[in-house]
Each structure stands twice: as structure tokens, then as C-alpha cells.
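First comes the structure, then the notes that go with it.
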Amino acid sequence: MNIIEDYDAISQCNKCGFCQVACPVFRSTGHESGVARGRLALMRAIIEDRVQWSKELEDPLFNCLGCGACTSNCFGAVPTPDLVIKGRAEYLEKVGRKPIHKLLFEQLLPYPKRLHMAARAAALGKNSGMSKVAKALGLLRILGRDFAKAENIVEKLPPKPFRGIVKPGVYKGQGESLRIGFFVGCGVDVIQQEAGFASLKILKEIGKTVIVLDNCCCGLPAWTYGDINAAQKLALKNLEIFSSQSLDVIVTDCSSCAAFLKKYAKVFEDDKNNHDFAKSQVPLFQDMVEFLFKNKYAAVPSKSPVVVTYHDPCHAVRGQGISKENREILKAVSGVEFREMPEADWCCGGAGSYALTHYDLSMKVLDRKMKNVESTGADLLVTSCPACMIQLSHGVRRHGMKTKVCHISEIVTGTGYKGE
């Protein structure tokens, strides 16, 4: 990976500063190094040999949330998040990668059973209080710069993964024809299982057959970190699983997974055979929100009036252009009063594992989001990304709010209503 190949794209930035208005990191810090034009200026300086690769570049390259708001607010539509990922990839080659990421991307995420074992061990430590002891002894720092601080983001972990309860395989549905593949993302698999159960219920009601896939991680964590090779290996493993099934559609209830699955052809842009292979599979992929909307799913009405607001995951609203569909779905639910949240499409600061290395900054971004949630007076805060759900749930506890965070699948199936 060499960012010199992207010199023309990087040079398109005219330093107008419109990215400052939209960037959650810049609005939280005010630092030029934490906004698109600052990062692009840095990469241009590297290419022009005015700045040398060193560990000092880690923070400006890696504190980007990758939310894409800068590009949406840029007249030239400079693809800063993509360019930052390429910058990260070259940083890893020139400066080095951390052992923890090598363990995660090469030994855990490609193998669901290993990930499940690690998740069960983490659940034991978390739920028994052992993690607090490890935190006090300073043992958690090896998992990330701010892991000790971020340990409390997840309140409790399920003792078994979703696919430890619902085994990968074929399930009979109530529909007439559709053969649906259910791509279970890591977040749903090991943490947000209620969303997974609700999503499976929907898929079985619509599809004639539902195949709970034995997929591995979609590859997004490795990709955003800049480990392109690891992301390609994960993507290829999944593509082989998909092509072995005769499926009409592949649905995931994680908007981050959905956005990246749709990006698989781009992951192999320099590998024609795998690019064409990936491109042939991409039309199958659908976000759960898309699937609900296209199939006009009849939502379960709320037994009592409930106020609902919606947080747009970055990988839904900018990654896939999904915004109107979720609102129309919620507004159609009997008993639900939908209230639009200010800055609904602003990043919540979750960005996968961002808080493990940038906890304080992540919380500044989250606090802004929670003030906007509070202004709606909503009983339920709905979204379609497990990583956002984890971050927002932490925000609710952090601010002492009574709002419940749930997945849109939980709302339409009636399993997410407060007090019912």
C-alpha cells in the first residue's frame, strides 16, 4: 500500500474548512489534526517528503471515526475516510502493527468457534467481577490503550453466543418462496442477541427457508484499521460460504456489516478474479431495514403509547443511503409516536472498537449525541447497528436516562417495547 498513488485525490482538498462543521472529532477537540483537511494535509506532506513515517502519526491517522460526514459536507466529495484507511495501511507497513490486532484479525475473527470461546471467557470475567480485578491490577491495558476505561461500556455479556443457541443451519419459514441467508454479525452474535432473535423471527415469517450462516466477521474491523490483507481473507472466506448456498437474498441486522458486504468488490479492486467473484455476490446483500421496507413487514402494534426516536448509524445513512426507510417503518407502527432527533445522523462515537484506544474522545462525541436524545423525550431510542446500540446504551447509563435502546427488529416484532 502506497498513498502516493492517491496523490491526486488527496490534492483535491482546497482547505475550505467545510469539513470542520460536520466532523464530530473536530467539534469535540478543535484540533486541526482531527479534521479531514488536516489529515489530508498530513498525508500530502508525507508524499512530498516533508514529513516522515513515525509513531507520532498514529493519533492523527487513527483518531478518525470514519463516519463519512466530512465527505458528505465536501463540495469536492473528497473520499477522506477511504484515503485515511490507505494511510493507516501504509502506516502499518512502515511503522508496525500491534500484536493484539494480529491476534484479533488472524486468530479470532476468521474462526467463529474461537471467537465464541473468547466471548464466553470474557462473559465469565465480566459477569463475575473478575474483569474489575484485572482492571485494578492494570492487566487490561494490553488489550488497548484505553481498554481499562472502556471496560464498563458493556454492562453485562450473555453467557452463550447467539449461534451457540441458534445453531447455523436450515430453518423452515412461513413464506412461499424466498430462500434467505441470515448473516449474523459479531455484535449480534456475542452481545446483542435479542436483536438476533427478533431478526430471525422476521426472516422466518417472510422466507420459505432461512439459513443461519456459519459466516465469520465481515472484515470491517480489519479494513478500518488498515489491515487490508486480513480484511480480504475474511471477505473471501465469507464469499465462499455464500456461493456454496443457493440464496435469493442475504440479510444482516447490522448496518455496519451490510455496508461492508456491499463493498466487497472494492475490497478486491486490485484482484480481478476475486473482484468479479465478489461483484457477483453483492446484489444479494440487504440491510434488515431495506428488507423490512421492501417486504412491507406488518409490525406488531404497541399496547400503550410510546415515544420513539431514531439514531442513524453512519454505515446506514452514508454508507448505504438508508434514511427514509427506517422512519417510514417506525411511523407506520400503531401506538408509536415518532420524534425526529436533532443531528440524528451524527456519529455516536462508537465506531466499532474506537473507545478502546480513544475513550475520552469517544465519550465527548457520545455526550453530544445523548443531549440530542434527551431533547426528544423518547421512551425508546432505536437504531440498526449493534455497535451503536452498545455505545448508546452506555450513554443512557452515563447520563442517568430512562430511555431504552433497541434494534428496529425488536420494535417491529413487539419485543422491544418498554414495560410490555
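The values are calculated or read from the model by the stated rules, or taken from the named source; none is laboratory data. Everything quoted here is computed from the prediction, not taken from an experiment. Methodologically, a virtual Cβ is constructed for each residue, glycine included, from the backbone with ideal geometry; neighbour enumeration extends over all protein chains shown. Accessible surface is based on the protein model in full, side chains and every heavy atom, while ligands, DNA and RNA are left aside. Shrake-Rupley method; radii C 1.70, N 1.55, O 1.52, S 1.80 Å.
Just for helices (runs of 4 or more DSSP H) wholly inside the stretch 284-335: which have at least 2 residues that are farther than 20 Å from Thr71 by Cβ? Helices (runs of 4 or more DSSP H) meeting the threshold: 288-294, 324-331.
When Leu57, Leu61, Leu42, Leu83 are checked against the criterion of being in contact with a Pro (Cβ under 7 Å, 6 or more places away or on another chain), open to solvent by less than 50 Å² (accessible area, probe 1.4 Å) and within 25 Å of Ser353 (Cα to Cα), Leu42 stands alone in meeting it. Determine if the stretch 23-31 includes at least one residue that is assigned to a loop (DSSP other than H, G, I, E, B), closer than 23 Å to Phe260 by Cα, open to solvent by 50 Å² or more (accessible area, probe 1.4 Å) and at pLDDT below 95. No; the residues of the stretch 23-31 include none that is assigned to a loop (DSSP other than H, G, I, E, B), closer than 23 Å to Phe260 by Cα, open to solvent by 50 Å² or more (accessible area, probe 1.4 Å) and at pLDDT below 95.
State all residues of the stretch 397-417 that are more than 19 Å from the chain's Cα centre (by Cα) and under 20 Å from Asn372 (Cβ atoms); if no residue qualifies, say none. Result: Arg397, Arg398, His399, Gly400, Met401, Lys402, Thr403, Lys404, Ile411. Under 7 Å between Cβ atoms, which residue pairs at least 6 apart in sequence (or on different chains) link something in the stretch 49-78 that is free of Cβ contacts under 8 Å to residues at least 12 places away in the same chain with a partner that is part of a helix (DSSP H, G or I) and open to solvent by less than 30 Å² (accessible area, probe 1.4 Å)? Once the first residue is free of Cβ contacts under 8 Å to residues at least 12 places away in the same chain and sits in the stretch 49-78, its partners that are part of a helix (DSSP H, G or I) and open to solvent by less than 30 Å² (accessible area, probe 1.4 Å) give Val51/Ala45. If you go through the stretch 84-140 and keep only what is modelled with pLDDT under 80, in a loop (DSSP other than H, G, I, E, B) and on the phi < 0 side of the Ramachandran plot, you end up with just Leu137.
Annotation: of all residues in the stretch 361-409 being basic (Lys, Arg) and outside any helix (DSSP H, G or I), the one that is surrounded by the fewest Cβ atoms within 10 Å (Cβ to Cβ) is Lys402. For the stretch 209-234, a tally of residues being open to solvent by 30 Å² or more (accessible area, probe 1.4 Å) and on the phi > 0 side of the Ramachandran plot returns 0. Pick from Val282, Val307: which is modelled with pLDDT under 95 and open to solvent by less than 40 Å² (accessible area, probe 1.4 Å)? Val282 is the lone residue from the list that is modelled with pLDDT under 95 and open to solvent by less than 40 Å² (accessible area, probe 1.4 Å). With respect to Arg44, determine if the residue is free of Cβ contacts under 8 Å to residues at least 60 places away in the same chain, of a type outside the set (Val, Ile, Thr), assigned to a helix (DSSP H, G or I) and closer than 20 Å to Ala351 by Cβ. Judged against the criteria, Arg44 is not a match.
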